[in-house]
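Written below as structure tokens is the structure these notes are about.
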Amino acid sequence: MSIAIILAILQTLPASAGVLSGCEFQNLIAGGPEGTTIVFQGGTDKIFYSPSLKNRLRQSGELGPEFLKQKILQNTVTEGTFIGATIQGGKWRTISGIAGIAADSDSGHGVLTLLQTFPEDTSIKAFQKRDRLYAVVIVEDAPSGVVCRRSQWEHLFALKGEPRLTTVPCEFTVGNAVTPSTPQ
């Protein structure tokens, strides 16, 4: 599967001393039951990750818990769901799906991989038929503060070479700051 190629490429990237390990990354964003929102510089790009929320795909037997670990990358340390939001052309755009944090077997650094899913993803065969967006995030504790190395959303079927990573300041907040619940 193409996502395994992406992760293999990312794991060969040099890691600086401050890159969080897979377990440190897991503890940072998957530690609490509320989930965590990563807010990128400027606040217009956000990703909410939850290790406990379930979408339709995560509830299916064939594509449910441990899907990423069993079918794509065996060194996945945690899996969950995500909702990503960004402003494009003056409008909010959301992408949701499954996510996993993998620990590189050589360097140990953690890579958060976000993979878009759709309601019709009910089997592995259906999952493999449709192109989807993916992105990756690596967190680093730099002298200037916490930064994220992240890729842009790309089409999985159009994968050619390494994803281009950009480094931006980022913050982490407990809970869902992408689609917060509204008071009734």
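Counting only residues that are touching a residue at least 12 places away in the same chain (Cβ under 8 Å), over 21 Å from Pro33 (Cβ atoms) and of a type in the set (A, V, I, L, M, F, W, C), give me the strands (runs of 3 or more DSSP E) lying completely in region 79-184 with at least 3 of them. Break it down into steps so the answer makes sense when it comes.
Numbers: elements: 91-103, 110-116, 133-142, 145-151, 165-174.
Hits in region 79-184: 91-103, 133-142, 145-151, 165-174.
Yes/no per residue for (1) at pLDDT below 80; (2) more than 13 Å from Leu112 (Cα to Cα); (3) surrounded by 12 or more Cβ atoms within 10 Å (Cβ to Cβ); (4) of a type in the set (A, V, I, L, M, F, W, C):
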| site | (1), (2), (3), (4) |
| --- | --- |
| Tyr49 | no, no, yes, no |
| Gln59 | yes, yes, no, no |
| Glu62 | yes, yes, yes, no |
| Leu73 | yes, no, yes, yes |
| Glu79 | no, no, yes, no |
| Thr86 | no, yes, yes, no |
- Note on the structure: Residue count, region 21-30, condition open to solvent by 30 Å² or more (accessible area, probe 1.4 Å) and more than 16 Å from Thr81 (Cβ to Cβ), comes to 5
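Do the conditions hold for Lys160, that is, is it at pLDDT 85 or above and over 16 Å from the mean Cα position of the chain (by Cα)? Working first, answer last.
Numbers: at pLDDT 85 or above: no; over 16 Å from the mean Cα position of the chain (by Cα): yes.
No: the conditions fail for Lys160.
Hey, among the residues in region 93-119 that are open to solvent by 60 Å² or more (accessible area, probe 1.4 Å) and at pLDDT below 85, which one's nearest to Ser52 (Cα to Cα)? I'd like the intermediate steps shown before the answer.
Step one: filter region 93-119 for residues open to solvent by 60 Å² or more (accessible area, probe 1.4 Å), giving 93-94, 105-107, 119.
Next, only the ones that are at pLDDT below 85 stay: 105-107.
Working: Ser105: 25, Asp106: 28, Ser107: 27 Å.
Applying the filter and picking the extreme gives Ser105.
The values are calculated or read from the model by the stated rules, or taken from the named source; none is laboratory data. Computed from a predicted structure; not experimentally measured. Every residue, glycine among them, receives a Cβ derived from its backbone with ideal geometry; neighbour counts consider all protein chains shown. What goes into the accessible areas is simple: the full protein's heavy atoms, side chains included, and nothing from ligands, DNA or RNA. Shrake-Rupley method; radii C 1.70, N 1.55, O 1.52, S 1.80 Å.
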